[in-house]
Amino acid sequence: MSPTVSFALNAIAAATPLLLCATGEALTEKAGVINIGIEGELLAGAFAAYAASASGAPAWLACAAAAGAGALLSALFGLLTVAVRGDQIVAGTAVNLLALGATGAAFRLWWLEGGLAAAALSPAIGSLTWLDLAALASPPAAAAFLFRTSWGLRLRACGESLSDARALAIPASRYRAAAVTASGVLCGLGGAALTLELSTTFVEGMSAGRGFVALALVAFGRWNPLFAGAAALAFGVLDALQYRLQAAGLLRLPPQALLMLPYVASLAVLAGFAGRTRPPADLGRAEE
Amino acid sequence: MLATLLLNFVAVGLVATAVHSFLQERARTFPQTDAVPAGASLPMLLPGTRVHLGVAAAAALALAFRWFLRATNAGFRMRAVGANREAAALAGIRVARIRLAAFLASGAVAGLGGAVELTGVTGRLYESFSSGYGFLGLAAAVIGRLDPVGTAAACAAFGALQSAGMLLERRFGVSSVAVLVLEALLLAAALALPRWRRARA
């Protein structure tokens, strides 16, 4: 395989968790729910994939466990924000704390000694696994759903104007709950990619802010999953490039500086440097 | 709201970059700064403990903010803006100015929080210096029903939980991260409780 192709494949693999999380977050934010709990859902997915594969499950089952763990956490988030109508940032914080505490405690309790290697996903095309392919397909699929189906139109109505949604008899709670659950499944799968592809084991707090990066990518992509996905890929390229440059000794910049980039770029977009842009009007607002 | 959320991570990134490069300790071993000189750390209120002057400052600030919000004209205007922005504007309150003032004040107080933690407890700056204090503070404000004294009480409860967690780990080997689960459940309960009360009323 030529170095360029293998570099591109590395970049896509590095972008996989971000692609999945950004797509999930774009769905919830279009429905008017800002879910900072995706960081915790990602971590829970990573842990569930590890726990399943350390117990001898094959890779596909580990992925299913990760999706399930993400869905479970997002259901809790949905309960707190959509059903109880609590503050979305506080509910997201609760989900993040819960994931960090529960995965950390369980990992120390059962696996700290003799950390087992997780099952590896087998490649489908080149070195890309089917999980990478699913991640690549998720932004266009979400965009097609949001902008080309009537369900997607109704979902966007819940994010733009709850009062209009109510006037049209759209059950906003259901749409929001569905979007939140879908984001949990996507983030859980992103976590599986962390454990099974980018690493070989579980480390406490291994999501390392990727959920928050995805949050920034959604704003940077102006709430369009296609643009957010493209931004995630660009970030994957930068990430892979950074490794190469560090390894070659060409880069003296600490890698932490790179982590700031998506946030600064999103702030620039929000501040209007890239033309007019605005979040969904009822983002963060609970139903009356 | 989104911009403030994103700025969090810019600040975290700046600190991480700094402690890995130009602010790194002279020994160059860990990504942290040198300790602050002895004369620059906060005096302890109770000898032999970690109760430093910042604790008293925080309590005084909570009382001062409650007094400000309840008993002064500016505080009344601030509450009016929060309760109903349009009504406040119609009553001649300069909404943008008040909101900006509140923003600046909250940033200043949060900065003070970082300063007393550094000069009173840790003595140096390092990566992940703020292990989610900001988010917990936000949660405490919700649990304390946006009242400064109630918020301070909620913060004290969080602090008690955390030190209880450390104690459990030292004495009984229960890992301290389990406390995070407890905090999460506390938050979930605080979000769910008002709704449940309303449903019963």
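The values are calculated or read from the model by the stated rules, or taken from the named source; none is laboratory data. None of the values given here were measured: they were computed from a predicted structure. We place every Cβ from the backbone using ideal geometry, glycine too, and count neighbours over all the protein chains shown.
Name the residue, out of B:27, B:101, that is over 22 Å from the mean Cα position of the chain (by Cα) and of a type in the set (Gly, Ala, Ser). Show your work before the answer.
Working: B:101 fails: over 22 Å from the mean Cα position of the chain (by Cα).
Being over 22 Å from the mean Cα position of the chain (by Cα) and of a type in the set (Gly, Ala, Ser) holds for just one of B:27, B:101, which is B:27.
Looking at the stretch B:1-27 only, could you name the residues that are farther than 27 Å from residue A:269 by Cβ and assigned to a loop (DSSP other than H, G, I, E, B)?
Matches in the stretch B:1-27: B:21, B:22, B:23, B:24, B:25, B:26, B:27.
Only residues that are of a type in the set (A, V, I, L, M, F, W, C) and either surrounded by 14 or more Cβ atoms within 10 Å (Cβ to Cβ) or outside any helix (DSSP H, G or I) (or both): list them for the stretch B:28-48, please.
Listed by number, the residues that qualify are B:30, B:35, B:36, B:42, B:44, B:45, B:46.
From the residues in the stretch A:84-112 that are touching a helix residue (DSSP H, G or I) at 6+ places or on another chain (Cβ under 9 Å) and more than 8 Å from chain B (Cβ to nearest Cβ), which one is modelled with the lowest pLDDT?
A:111
Could you tell me which numbered condition residue B:59 fails, if it satisfies all but one of (1) over 25 Å from residue B:147 (Cα atoms); (2) under 24 Å from the mean Cα position of the chain (by Cα); (3) exposed (fewer than 15 other Cβ atoms within 10 Å of the Cβ); (4) small (Gly, Ala, Ser)?
(1)
Name the residues in the stretch A:125-144 that are modelled with pLDDT under 90 and of a type in the set (S, T, N, Q), would you? Even if it seems obvious, please write down each step before you answer.
Within the stretch A:125-144, the subset modelled with pLDDT under 90 is A:125-130.
Within the stretch A:125-144, A:127, A:129 qualify.
Quick one: which helices (runs of 4 or more DSSP H) lie wholly within the stretch A:158-267 and hold at least 1 residues that are surrounded by 17 or more Cβ atoms within 10 Å (Cβ to Cβ), small (Gly, Ala, Ser) and away from every other protein chain (no Cβ under 14 Å)?
Values: elements: A:162-167, A:172-193, A:210-220, A:225-247.
Filter on the stretch A:158-267 gives A:162-167, A:172-193, A:225-247.
Would you tally the residues in the stretch B:73-91 being among the basic types (Lys, Arg) and under 14 Å from residue B:101 (Cβ atoms)?
Of the residues in the stretch B:73-91, 2 are among the basic types (Lys, Arg) and under 14 Å from residue B:101 (Cβ atoms).
Do we find that residue B:53 is at pLDDT below 70 and surrounded by 13 or more Cβ atoms within 10 Å (Cβ to Cβ) in this structure?
Here the answer is no, as residue B:53 does not meet what is asked.
Only one of these conditions is not met by residue A:172: (1) closer than 25 Å to residue A:49 by Cβ; (2) touching a Cys at 6+ places or on another chain (Cβ under 7 Å); (3) at pLDDT below 95; (4) among the hydrophobic types (A, V, I, L, M, F, W, C). Which number is it?
All conditions are met except number (1).
Within the stretch A:9-18, does at least one residue satisfy the condition of being in a loop (DSSP other than H, G, I, E, B), touching a helix residue (DSSP H, G or I) at 6+ places or on another chain (Cβ under 9 Å), under 20 Å from residue A:222 (Cα atoms) and of a type outside the set (D, E, K, R)?
So far as the stretch A:9-18 goes, no, none of its residues is in a loop (DSSP other than H, G, I, E, B), touching a helix residue (DSSP H, G or I) at 6+ places or on another chain (Cβ under 9 Å), under 20 Å from residue A:222 (Cα atoms) and of a type outside the set (D, E, K, R).
Residue-wise test of (1) loosely packed, with under 14 Cβ neighbours inside 10 Å; (2) modelled with pLDDT under 90.
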site: B:90; (1), (2): yes, no
site: B:110; (1), (2): no, yes
site: B:136; (1), (2): no, yes
site: B:142; (1), (2): no, yes
site: B:166; (1), (2): yes, yes
site: B:169; (1), (2): no, yes
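Tell me which residues, restricted to the stretch A:46-73, are buried (at least 24 other Cβ atoms within 10 Å of the Cβ) and either within 14 Å of another protein chain (Cβ to nearest Cβ) or among the acidic types (Asp, Glu) (or both).
Within the stretch A:46-73, A:47, A:73 meet the criteria.
So is residue B:33 in contact with a Leu (Cβ under 7 Å, 6 or more places away or on another chain) and more than 7 Å from every other protein chain (Cβ to nearest Cβ) or not?
yes
Within the group B:132, B:137, B:123, B:113, which residue is at positive phi and under 11 Å from the mean Cα position of the chain (by Cα)? Before you say what the answer is, go through the steps one by one.
On the way: B:137 fails: at positive phi; B:123 fails: under 11 Å from the mean Cα position of the chain (by Cα); B:113 fails: at positive phi.
The match here is B:132.
If I ask for residues that are surrounded by fewer than 18 Cβ atoms within 10 Å (Cβ to Cβ) and either among the polar types (S, T, N, Q) or away from every other protein chain (no Cβ under 13 Å) (or both), which ones from the stretch B:3-27 would you list?
B:4, B:8, B:21, B:25, B:26, B:27
In the list B:116, B:95, which residue meets the criterion of being modelled with pLDDT under 85, surrounded by 14 or more Cβ atoms within 10 Å (Cβ to Cβ) and of a type outside the set (S, T, N, Q)?
Numbers: B:95 fails: modelled with pLDDT under 85.
Only one candidate passes the filter, namely B:116.
Grab the helices (runs of 4 or more DSSP H) fully contained in the stretch B:88-201, keeping just those with 1 or more residues being within 14 Å of chain A (Cβ to nearest Cβ).
Helices (runs of 4 or more DSSP H) meeting the threshold: B:133-143, B:148-172, B:178-200.
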